[in-house]
């Protein structure tokens with residue numbers, strides 16, 4: 001079984017996590033979280049390995065993983081953009097912010113730029129209603145957004161990435 005990029009995952013990276021949690025009742029979500037931290041997403045072969053180690057069926061492991069929006073099944077870009085779609089953000093223009101993201105980097109919800117730099121994910125709420133509209137990029141919160149601010153933020157991140165290379 002291979003991961004989505006066609007190459008088998010290094011399953012040995014999971015050994016420590018599975019040694020610690022595989023026999024602990026109720027630890028499947030913890031195992032999935034730690035696996036995602038290791039790989040950046042949950043490759044298919046990793047899900048099968050987790051099922052085997054925990055004694056769960058692959059269907060059960062996949063069912064749990066797909067139930068929670070925190071889990072990803074495809075690699076994400078270097079910069080993961082979480083764009084809030086909660087009520088306050090919606091009312092204050094999250095659609096305009098999504099359009100600005102598209103105009104600036106050419107992706108919509110669930111997509112990753114071809115260069116692997118950015119991934120956009122719409123989320124139900126980031127809990128920052130007083131800052132609406134708001135987005136989070138790799139854990140940093142950007143609030144009171146306007147389309148111009150979005151373009152500036154994304155352009156700056158892309159520029160700094162090119163300077164690092």
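The values are calculated or read from the model by the stated rules, or taken from the named source; none is laboratory data. All values reported here derive from a predicted model rather than from experimental measurement. Glycine gets a Cβ as well: all are built from the backbone with ideal geometry, and neighbour counts include every protein chain shown.
So how many residues does the stretch 1-32 have that are at pLDDT 95 or above, in contact with a helix residue (DSSP H, G or I) (Cβ under 8 Å, 6 or more places away or on another chain), in a loop (DSSP other than H, G, I, E, B) and more than 20 Å from residue 64 (Cα to Cα)? Total satisfying the criteria: 0.
The set of residues from the stretch 139-160 being within 19 Å of the chain's Cα centre (by Cα) and more than 25 Å from residue 129 (Cβ to Cβ) comprises just one member, 158. Of the residues that sit in the stretch 47-77 and are at pLDDT below 95 and touching a helix residue (DSSP H, G or I) at 6+ places or on another chain (Cβ under 9 Å), which one is surrounded by the most Cβ atoms within 10 Å (Cβ to Cβ)? Filtering the stretch 47-77 for residues that are at pLDDT below 95 and touching a helix residue (DSSP H, G or I) at 6+ places or on another chain (Cβ under 9 Å), the one surrounded by the most Cβ atoms within 10 Å (Cβ to Cβ) comes out as 71.
The residues of the stretch 142-165 that are surrounded by 15 or more Cβ atoms within 10 Å (Cβ to Cβ) and in a loop (DSSP other than H, G, I, E, B), listed by number, are 143, 145. Does residue 35 qualify as being more than 18 Å from residue 74 (Cβ to Cβ) and assigned to a helix (DSSP H, G or I)? So residue 35 does not fit the description; no. Scanning the stretch 24-50 for residues that are at positive phi and without any contact (Cβ under 8 Å) to a residue 12 or more places away in the chain yields one hit, 26. If you check 97, 105 for being closer than 30 Å to residue 7 by Cβ and in contact with a helix residue (DSSP H, G or I) (Cβ under 8 Å, 6 or more places away or on another chain), only one passes: 105. Answer with yes or no whether residue 53 is without any contact (Cβ under 8 Å) to a residue 24 or more places away in the chain, closer than 23 Å to residue 43 by Cα, over 14 Å from the mean Cα position of the chain (by Cα) and not in a strand (DSSP E or B). The answer is no for residue 53.
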